[in-house]
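Q: The structure follows.
Nothing in this text is a laboratory measurement; each read-out follows from the coordinates by a stated rule. None of these values were measured; they are calculated from a predicted model. Heads up, the Cβs are rebuilt from the backbone with ideal geometry, glycines too, and the neighbour counts pull from every protein chain shown.
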Amino acid sequence: MSQKNIESHLVEKRVFKPSKDFSKKARIGSLAEYKTLWEESIKKPDKFWAREAAELVWQQKWTKVLEWKEPFAKWFVGGKLNVSENCLDRHLGTPRQNKAAILWEGEPGEKRALTYQQLHREVCKFANVLKSHHVKKGERVIIYMPMVPEASIAMLACARIGATHSVVFGGFSAEAIRDRIADSQATVVITADGGYRRGSVVGLKKNVDDALKGGDPSVPRVRSVIVFQRTGQPVQMEPNRDHWWHEEMAKADGNCPAIPLDSEHPLFILYTSGSTGQPKGILHTTGGYLMGAYITCKYVFDMRDEDVYWCTADIGWVTGHSYMVYGPLANGATTLMYEGAPNWPENDRFWKIIEDYRVTIFYTAPTAIRSFIRWGDQWVKKHDLSSLRLLGSVGEPINPEAWMWYHHTIGGGRCPIVDTWWQTETGAIMITPLPGATPTRPGSATLPFFGVDAAIVDEAGNEVGPNVSGKLVIRKPWPSMLRNIHGDRARYRKTYWSEVKGCYFAGDGARRDKDGNFWIVGRIDDVLNVAGHRIGTSELEGALVSHPVVAEAAVVGRPDELKGQAVVCFVTLKQDVTATDQLRDDLKKHVRHVIGPVATPDEIRFADALPKTRSGKIMRRLLKQVACGAVVTGDTTTLEDLSILAKLAGKED
Ligand code: 7RM
């Protein structure tokens with residue numbers, strides 16, 4: 001295989017410097033300042049992290065910053081602290097105590113605000129409810145909830161008493177819940193009768209019932225199910241096992257001390273799909289994880305007391321954990337939570353929320369941004385978005401077109417965009433601009449965060465030069481890194497620490513430009529090799545999406561006798577555009593023009609929609625199978641809409 005890289009004609013030249021005004025007010029106000037601190041964080045990590053960790057509340061100070069026995073790390077060794085205390089108690093008795101900790105809006109339109117004082121009381125009460133159900137330190141608790149404040153309350157209550165939570169996304173099936181209960185050996189489930197999504201109710205309790213049915217011997221007996229009443233829909237309550245949240249809370253005391261926990265005490269397990277079918281239970285612990293969530297909110301979002309911060313991620317994903325709950329609350333910020341869909345009742349719901357609450361920081365995903373573009377600017381224009389001061393992107397590479405639209409149409413040209421690269425495994429943001437310091441380039445996550453020693457290496461594990469694609473690795477442990485795959489140290493070592501010697505391997509491919517900016521290409525298995533040339537599927541997708549009629553595109557490889565791999569493109573078109581053979585040819589020409597002849601698509605398939613995980617990632621594994629004409633197999637539990645697959649498979653050229 002030739003190592004020659006396609007020098008993409010997509011190379012993005014535009015650079016956006018932070019405005020003087022933004023830099024003046026930001027914690028890190030220049031690139032030089034960032035560089036000095038980054039150097040310190042790498043060369044003198046003990047000094048750097050000791051200073052930052054001093055901003056957290058410790059019940060007992062650590063004796064050693066890091067103990068590293070590759071691939072197992074312990075951070076802030078000997079320290080004792082409580083995440084719930086750091087998110088709540090520390091703000092009481094300060095001017096923050098009566099500010100909104102959580103602002104919530106339900107999909108049907110209800111509004112709630114919980115001050116830090118109120119949230120603290122709710123968390124203490126629910127921690128006492130857990131205790132009354134005999135939940136002990138270290139025991140696992142499943143949280144399967146809609147996007148309501150009680151989901152955050154349940155997480156913080158677990159943290160308060162040292163129970164390890166495992167949040168299961170509300171869109172997952174009964175089967176997925178059962179697998180996660182079995183793997184985590186959870187004994188208590190917290191759920192709700194249902195939740196609202198796009199105007200209809202989703203039966204969460206029913207799924208829990210199904211998950212616990214059937215007496216599967218691999219499922220340990222779940223002792224208690226606590227049910228929050230959200231929709232009022234009828235549910236079956238199993239005597240002795242099932243209890244209403246509100247009835248339990250009515251009996252609960254409002255005092256509950258936050259117990260001291262070891263820095264390395266397990267805070268949560270979050271399941272994530274790997275390249276193989278079986279989801280992995282990613283384990284995060286107390287001190288290091290909190291440090292990561294806290295410090296990234298402080299510097300990347302430059303969070304302030306006046307901010308109204310909105311992360312649109314669901315609580316069932318790591319982004320919801322770190323950037324809707326733990327990070328913002330540890331910073332004493334106001335975090336907004338919205339229960340429902342962005343297009344309910346109409347396509348402008350998000351913009352209406354930003355206007356209504358005067359949101360200042362908005363963090364969302366490229367897939368959402370591309371939907372907004374498709375729906376049209378008229379929905380945005382109806383609203384005053386002048387409160388916004390900072391925008392964020394996460395989840396996949398953001399194509400320059402979407403970046404520019406986000407910048408102009410949502411940010412009014414005045415808001416820095418932080419394109420944040422990280423993973424469930426990393427716990428917190430790893431590669432990102434700092435909004436007052438880093439010049440941004442549409443499509444680049446730019447530079448490593450403090451303490452992150454990121455590099456691009458080749459097959460042999462050697463660092464490559466500028467503009468050469470390779471594997472993205474992290475060469476040093478960082479505080480919020482995963483500690484293990486729950487119950488499987490061998491798999492942890494094999495998956496993350498054996499691909500490249502001495503390094504954490506992220507599974508992503510990337511390149512760095514001559515200024516050191518990282519350009520994430522996507523998962524390594526999404527990089528095609530066409531006639532000996534490496535082509536990132538995201539490069540091809542970027543090319544397709546840069547055509548005015550294309551809404552969204554996903555590109556996969558199909559085995560090809562001549563070229564090794566052939567390029568198969570799945571394309572959705574903007575509204576009112578008709579799919580024709582002429583258009584198919586035009587798109588092929590367009591890609592050829594943008595990237596080069598070697599990247600000419602072999603096949604273009606028009607589709608009504610692309611198969612996505614519930615967190616919005618295009619499922620290329622499935623598309624590959626569709627492209628090859630194979631029967632789709634493997635884990636499809638995260639698929640948003642199975643009917644899409646059927647349509648794609650039936651759609652031959
Ligand atoms: C936070 C999250 C992780 C994978 C990761 C990448 C992709 C995430 C970006 C990105 C390019 C980004 N956790 N990814 N953020 N790719 N630019 N800013 O998404 O565990 O669910 O997914 O997502 O491939 O490996 S995750």
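Q: Which FRET efficiency, nearest 0.05, do TRP344 and VAL57 yield, Cβ-Cβ r, R0 25 Å? Don't skip to the answer; put the middle values down first.
A: Values: r = 40 Å, r/R0 = 1.58.
Step by step, r from the Cβ atoms, then E = 0.05.
Q: Here's another thing I want to ask about it. In segment 553-588, which residues have a backbone nitrogen under 18 Å from the label point lying 7 Å from THR409's Cα in the Cα-to-Cβ direction?
A: 553, 572-577
Q: Quick one: Karplus J couplings for segment 305-320, per residue in order, coefficients 6.51, -1.76, 1.60, θ = phi - 60°, nearest Hz, x for Gly and Pro?
A: 4, 7, 5, 10, 9, 10, 9, 8, 5, 6, 5, x, 10, 4, 4, x
Q: Round to a whole angstrom and tell me the spacing of the C-alpha centers of segment 424-473 and segment 20-34.
A: Comparing the Cα centres of segment 424-473 and segment 20-34, I get a distance of 20 Å.
Q: Right, next: Can you give the relative contact order of segment 253-393 as a percent, counting alpha carbon pairs under 8 Å and 6+ residues apart? Mind showing how you got there, number by number?
A: Values: 183 pairs, mean separation 26.9, N = 141.
Here the relative contact order equals 19 percent.
Q: Sum -39500 (n - 2.57) across every DSSP H segment of at least 4 residues in the chain, then divide by the residue count to get the 222 nm mean residue ellipticity, nearest 500.
A: It lands at -8000 deg cm²/dmol.
Q: Please report the antiparallel percentage of DSSP beta bridges with both residues in segment 68-194, rounded to the nearest 5.
A: 45 percent
Q: If the cut-off is 19 Å between C-alpha atoms, which lysines fall inside it for LYS24, apart from same-chain ones fewer than 8 positions away?
A: LYS35, LYS298
Q: Just subtract the alpha-carbon distance of ASP21 and ARG475 from 0.36 nm times their residue separation and send over the number in nm, one decimal.
A: Contour length minus Cα-Cα distance gives 159.9 nm.
Q: How far, in nm, would the chain grow between HIS383 and HIS246 when pulled straight, counting 0.36 nm per residue and subtracting the alpha carbon separation?
A: Stretched out fully, the HIS383 to HIS246 stretch lengthens by 45.6 nm.
Q: Next question, about the same structure. Using the charge dipole of the chain (Lys, Arg: +1 at Cβ; Asp, Glu: -1 at Cβ; taken about the Cα centre), state which of ASN82, SER184, GLY203 has its Cα farthest towards the positive end.
A: So the residue furthest toward the plus end is ASN82.
Q: Place a +1 charge on the Cβ of each Lys and Arg in segment 288-360 and a -1 charge on the Cβ of each Asp and Glu, then give the dipole magnitude about the Cα centre in debye, rounded to the nearest 20.
A: The calculation lands at about 200 debye.
Q: Which order do the peptides 485-494, 456-465 take when ranked by the mean count of other beta-carbon atoms within 10 Å per residue, highest first?
A: The most tightly packed comes first, giving 485-494, 456-465.
Q: From the Cα gyration tensor of segment 254-388, with a ≥ b ≥ c the square roots of its eigenvalues, which class applies: rounded if a/c is under 1.5, or else prolate if a/b is larger than b/c, or else oblate?
A: Values: a/c = 2.47, a/b = 1.50, b/c = 1.65.
In terms of gyration-tensor shape, oblate.
Q: With +1 on each Lys and Arg Cβ and -1 on each Asp and Glu Cβ, and nothing else charged, work out how big the dipole of the chain is about its Cα centre, in Debye to the nearest 20.
A: 1360 debye
Q: Peptides 114-121, 602-609, 576-583: what's the order by average Cβ count within 10 Å, highest mean first?
A: Top of the packing list down: 114-121, 602-609, 576-583.
Q: Taking +1 at the Cβ of each Lys and Arg and -1 at the Cβ of each Asp and Glu, which of VAL577, VAL167, GLY487 sits farthest along the dipole of the chain towards its positive end, judged by Cα position relative to the Cα centre?
A: So the residue we want is GLY487.
Q: Using +1 at the Cβ of each Lys and Arg and -1 at the Cβ of each Asp and Glu in segment 206-311, identify which of VAL300, ILE269, PRO239 lies farthest towards the dipole's positive end.
A: In segment 206-311, that residue is PRO239.
Q: Right, next: For segment 164-177, take each phi angle, set θ = phi - 60°, evaluate the Karplus expression 6.51 cos²θ - 1.76 cosθ + 1.60, and give the result in whole Hz per residue in order, putting x for glycine and proline.
A: 9, 8, 9, 7, 10, 3, x, x, 6, 7, 4, 4, 5, 5
Q: Could you calculate the FRET efficiency of ASP560 with ALA32 from 1/(1 + (r/R0)^6), where r is the beta carbon distance between them and R0 is 35 Å, rounded to 0.05?
A: Efficiency, from the Cβ-Cβ distance: 0.10.
Q: So for segment 194-335, averaging the separation of alpha carbon pairs under 8 Å that are six or more residues apart and normalising by length, what relative contact order in percent results? Present the calculation step by step, with values, prior to reporting the outcome.
A: Working: 148 pairs, mean separation 19.8, N = 142.
This gives 14 percent for segment 194-335.
Q: Peptides 16-28, 402-414: what's the order by average Cβ count within 10 Å, highest mean first?
A: 402-414, 16-28
Q: Now for a separate question. Quick check: Cα centre of segment 388-410 to Cα centre of segment 576-627, how many Å?
A: 22 Å
Q: Find how many whole Å separate the alpha carbon centroid of segment 493-518 from the alpha carbon centroid of segment 86-158.
A: The two parts, judged by their Cα centres, are 37 Å apart.
Q: Over the chain, what is the mean sequence separation of C-alpha contacts under 8 Å (at least six apart), divided by residue count, expressed as relative contact order in percent?
A: Reported as a whole number, the value is 13 percent.
Q: What does DSSP give for the chain in terms of the percent of beta bridges that are antiparallel, rounded to the nearest 5?
A: Around 60 percent of the beta bridges assigned by DSSP in the chain are antiparallel ones.
Q: Shape call for segment 163-236 from the C-alpha gyration tensor, a ≥ b ≥ c root eigenvalues: rounded (a/c under 1.5), prolate (a/b greater than b/c) or oblate? Can you show the working numbers first?
A: Working: a/c = 1.81, a/b = 1.78, b/c = 1.02.
It is prolate, given that a/c is not under 1.5 and a/b is the larger ratio.
Q: State the antiparallel share, in %, of DSSP beta bridges confined to segment 304-453, rounding to the nearest 5.
A: On the way: 2 of 15 bridges.
Counting DSSP beta bridges with both partners in segment 304-453, the antiparallel share is about 15 percent.
Q: May I pose another question? Between ASN255 and ASP586, what is the label-to-label distance in nm when each label sits 7 Å out along the Cα-to-Cβ direction?
A: Placing both labels 7 Å beyond Cα along the Cβ direction yields 7.3 nm.
Q: Sticking with the crude label model, points 7 Å out along Cα→Cβ, report the distance from GLU39 to VAL577 in nm, one decimal please.
A: The two pseudo-label positions are separated by 4.8 nm.
Q: At a Förster distance of 60 Å, what's the computed FRET efficiency of ALA182 paired with LYS501, Cβ-Cβ distance as r, to 0.05?
A: Step by step, r from the Cβ atoms, then E = 0.95.
Q: Taking the Cα centre of segment 341-437 as origin, sum charge times position over the Cβ atoms of Lys and Arg (+1) and Asp and Glu (-1), and report the length of that vector in debye to the nearest 20.
A: Values: 9 positive and 10 negative charges, 46 e Å.
Its charge dipole is roughly 220 debye.
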